[in-house]
Amino acid sequence: MKFHSEYYLEICFSSFTSKTSRDDIYLIGTLEGKIHKCSFSNRQNFLTTYQKHFGLVNHIEWSPFSRDVFLSCSSDWTIQLWRQNLPSPVLSFTSAKRSVNCVRWSPLHSTVFAAVNGQQVEIWDLSTSLLNPTIVHCATPGVKMRVVLFATGSDCILVGDSEGKVTVYKLKNFGVGNQVK
């Protein structure tokens, strides 16, 4: 995608996210692996540039539990956990040597997120392990997992695939993190 007008910087970007709160801050992931923090009220400059990825930034997601924390995933096989006031990621995750297409925070558990990398969906629980996903589920042969989403108010995830199908998975016996009341 290309974003241009006389009031904005010209930039090619691969992902975009904005906070759901009243803040006018948004993040743009680029083809070169950078993430730019921007403001709707300052349309001519980036507020900050985060750089750790070495490839296309595929997805960015703000934490529903902390206004200053976000996740990013990339074609460089990594997931990065960021605090918006730090120039480098707090944590970096890699489980498979494949492009990570999508990463999403759990709306119920502050330490849990899900990621898909084409061949598998991974559930990470940072209260259990910082090195390995807690759950890994492989795709049906010939099918690529493309996107993941946590269902609101339950321990279910939805996974969209290359055939246009959506599969719902129930996370059983998954008592972790701090639950939202």
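The values are calculated or read from the model by the stated rules, or taken from the named source; none is laboratory data. Note that the structure is predicted; figures quoted are calculated from it, not measured. Because the Cβ atoms are built from the backbone with ideal geometry, glycine has one as well, and the counts that use them run over all protein chains shown. Accessible surface areas use protein heavy atoms only, side chains included; no ligands, DNA or RNA. Shrake-Rupley method; radii C 1.70, N 1.55, O 1.52, S 1.80 Å.
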- Message: Under 5 Å between amide hydrogens, which residues at least 5 positions from His109 or on another chain qualify, with H placed 1.01 Å from N in the peptide plane?
- Response: none
- Query: In µm²/s, what is D for region 12-170 at 20 °C and 1.002 mPa s, where D = kT/(6 pi eta Rh) by Stokes-Einstein and Rh is the Kirkwood radius from Cα pairs?
  - Reply: 135 µm²/s
- Query: Which whole-Hz couplings ³J(HN,Hα) result when phi for each residue of region 151-160 is put into the Karplus expression 6.51 cos²θ - 1.76 cosθ + 1.60, θ = phi - 60°, listed in order with x for Gly and Pro?
  - Reply: 6, 5, x, 8, 9, 10, 10, 10, 10, x
- Item | In sequence order, calculated HN-Hα J values of region 65-81 (Karplus, 6.51, -1.76, 1.60; Hz; x Gly/Pro) | 9, 9, 5, 10, 10, 8, 10, 9, 9, 8, 5, 7, 6, 10, 10, 10, 9
- Message: If I take every Cα pair under 8 Å that is 6 or more residues apart in region 12-170, average their sequence separation and divide by the length, what percent do I get for the relative contact order?
- Response: 12 percent
- When the Karplus curve 6.51 cos²θ - 1.76 cosθ + 1.60 is applied with θ = phi - 60°, which whole-Hz ³J(HN,Hα) does each residue of region 107-121 get, with x for Gly and Pro? x, 9, 10, 5, 9, 10, 9, 10, 9, 10, 10, x, 9, 7, 9
- Once amide H atoms are placed 1.01 Å from N in the peptide plane, what residues at a sequence separation of 5 or more from Asn58, or on another chain, have their amide H within under 5 Å of its amide H? Cys73, Ser74, Ser75
- Take Lys97, Lys170 and sort them by solvent-accessible surface of the protein heavy atoms, 1.4 Å probe, largest at the top. Lys97, Lys170
- Query: How much length, in nm to one decimal, is gained on full extension between Ser41 and Thr128, taken as 0.36 nm per residue of separation minus their Cα-Cα distance?
  - Reply: 27.3 nm
- Would you calculate the separation in nanometres between label points at Thr49 and Thr152, each defined as 7 Å from the Cα along the Cα-to-beta-carbon direction? 3.7 nm
